[in-house]
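Engineer: Here it is, the structure, as structure tokens.
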């Protein structure tokens, strides 16, 4: 591989990540962090749901009662934000890959984020209503 | 330019395509999943609640589809992260892919095993 080929290949390999500056960098970083968090949650989720069969209904219900505590509802809300950010930024990526809105990519990003914020508000309303109705401490 | 970028993608064109297809499935699936668990059934999640939900064919199809799609999407994502920091030889990249497929299929089988009593009622 010549020097020029190498430069072309490395430039092309960087296309998906965008430039290492500005809004695109932050969007990419948060997208990746949220993605890794969601992978870890996925396996935890499979583990928790499998307690129903592996350990029985009573054990599973005990675990779910723990998840109803304020601390876990707040953690759940963080998870909802990770899903919404990763999902809506992902919508932007799919749109760009389809060639839609490339010339307005920043506007597309902010519209996606606006949708994420509105959806988050709905989940936050639901979560805080639940926390209030339930009362009690953090754990 | 675009074709050039695609053929030079480290992950492969099919993986790129499937990552997009599963992304669209996950957007649809999670909308349903999160509304039903975190808004409609908030605070009511328990063994019986899941049993009731999985009594409907819609949620059985939705949950099994979500399990398969999310595992593919998550593990292919892990593969892309690893390839970004660890540009290994082709044989090791294949080993990574095979390893992740084994993990994914095992997790799918385990998840299906866990859901089975609810699905069969």
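Engineer: When you go through B:45, B:67 one by one, which is the residue that is without any contact (Cβ under 8 Å) to a residue 40 or more places away in the chain, within 11 Å of chain A (Cβ to nearest Cβ), buried (at least 16 other Cβ atoms within 10 Å of the Cβ) and in contact with a helix residue (DSSP H, G or I) (Cβ under 9 Å, 6 or more places away or on another chain)? Spell out how you get there, then give the answer.
Structural biologist: On the way: B:67 fails: without any contact (Cβ under 8 Å) to a residue 40 or more places away in the chain.
Exactly one of B:45, B:67 is without any contact (Cβ under 8 Å) to a residue 40 or more places away in the chain, within 11 Å of chain A (Cβ to nearest Cβ), buried (at least 16 other Cβ atoms within 10 Å of the Cβ) and in contact with a helix residue (DSSP H, G or I) (Cβ under 9 Å, 6 or more places away or on another chain), namely B:45.
Engineer: Looking only at region A:55-70, count every residue that is at the interface with chain B (Cβ under 7 Å from one of its Cβ atoms) and free of Cβ contacts under 8 Å to residues at least 60 places away in the same chain and tell me the total.
Structural biologist: 4
Engineer: Just one of the numbered conditions (1) free of Cβ contacts under 8 Å to residues at least 60 places away in the same chain; (2) more than 9 Å from chain A (Cβ to nearest Cβ); (3) under 21 Å from residue A:32 (Cα atoms); (4) under 15 Å from the mean Cα position of the chain (by Cα) is not true of residue B:109; which one?
Structural biologist: (3)
Engineer: With the checklist (1) within 11 Å of chain B (Cβ to nearest Cβ); (2) surrounded by 14 or more Cβ atoms within 10 Å (Cβ to Cβ) in hand, flag the one item residue A:116 doesn't pass.
Structural biologist: Condition (1) is where residue A:116 drops out.
Engineer: Please tell me if residue B:33 is modelled with pLDDT of 95 or more and touching a helix residue (DSSP H, G or I) at 6+ places or on another chain (Cβ under 7 Å).
Structural biologist: Details: modelled with pLDDT of 95 or more: no; touching a helix residue (DSSP H, G or I) at 6+ places or on another chain (Cβ under 7 Å): yes.
So residue B:33 does not fit the description; no.
Engineer: Return only the number of the condition from (1) touching a helix residue (DSSP H, G or I) at 6+ places or on another chain (Cβ under 7 Å); (2) under 16 Å from residue B:42 (Cα atoms) that residue A:134 does not satisfy.
Structural biologist: Of the numbered conditions (1) touching a helix residue (DSSP H, G or I) at 6+ places or on another chain (Cβ under 7 Å); (2) under 16 Å from residue B:42 (Cα atoms), the odd one out for residue A:134 is (1).
Engineer: Quick one: how many residues across region A:42-52 are surrounded by 17 or more Cβ atoms within 10 Å (Cβ to Cβ) and either under 26 Å from residue A:88 (Cα atoms) or within 8 Å of chain B (Cβ to nearest Cβ) (or both)? Explain how you work it out, then say what you get.
Structural biologist: Initial filter on region A:42-52 (surrounded by 17 or more Cβ atoms within 10 Å (Cβ to Cβ)): A:42, A:46, A:49, A:51-52.
Within this subset, residues satisfying the condition of being either under 26 Å from residue A:88 (Cα atoms) or within 8 Å of chain B (Cβ to nearest Cβ) (or both) are A:42, A:46, A:49, A:52.
Looking only at that region, the number is 4.
Engineer: Restricting the search to region A:71-91, which residues are buried (at least 20 other Cβ atoms within 10 Å of the Cβ) and away from chain B (no Cβ under 11 Å)?
Structural biologist: Across region A:71-91, the qualifying residue is only A:85.
Engineer: How about region B:48-64: which of its residues are surrounded by fewer than 17 Cβ atoms within 10 Å (Cβ to Cβ) and under 19 Å from the mean Cα position of the chain (by Cα)? Give the steps one after another, and end with the answer.
Structural biologist: Residues of region B:48-64 that are surrounded by fewer than 17 Cβ atoms within 10 Å (Cβ to Cβ), as a first pass: B:48-49, B:51-52, B:55-58, B:60-61, B:64.
Within region B:48-64, B:58, B:60, B:61, B:64 qualify.
The values are calculated or read from the model by the stated rules, or taken from the named source; none is laboratory data. Because the structure is predicted, anything quoted here is derived from the model rather than measured. Positions of Cβ are backbone-derived with ideal geometry, glycine not excepted, and every protein chain shown enters the neighbour counts.
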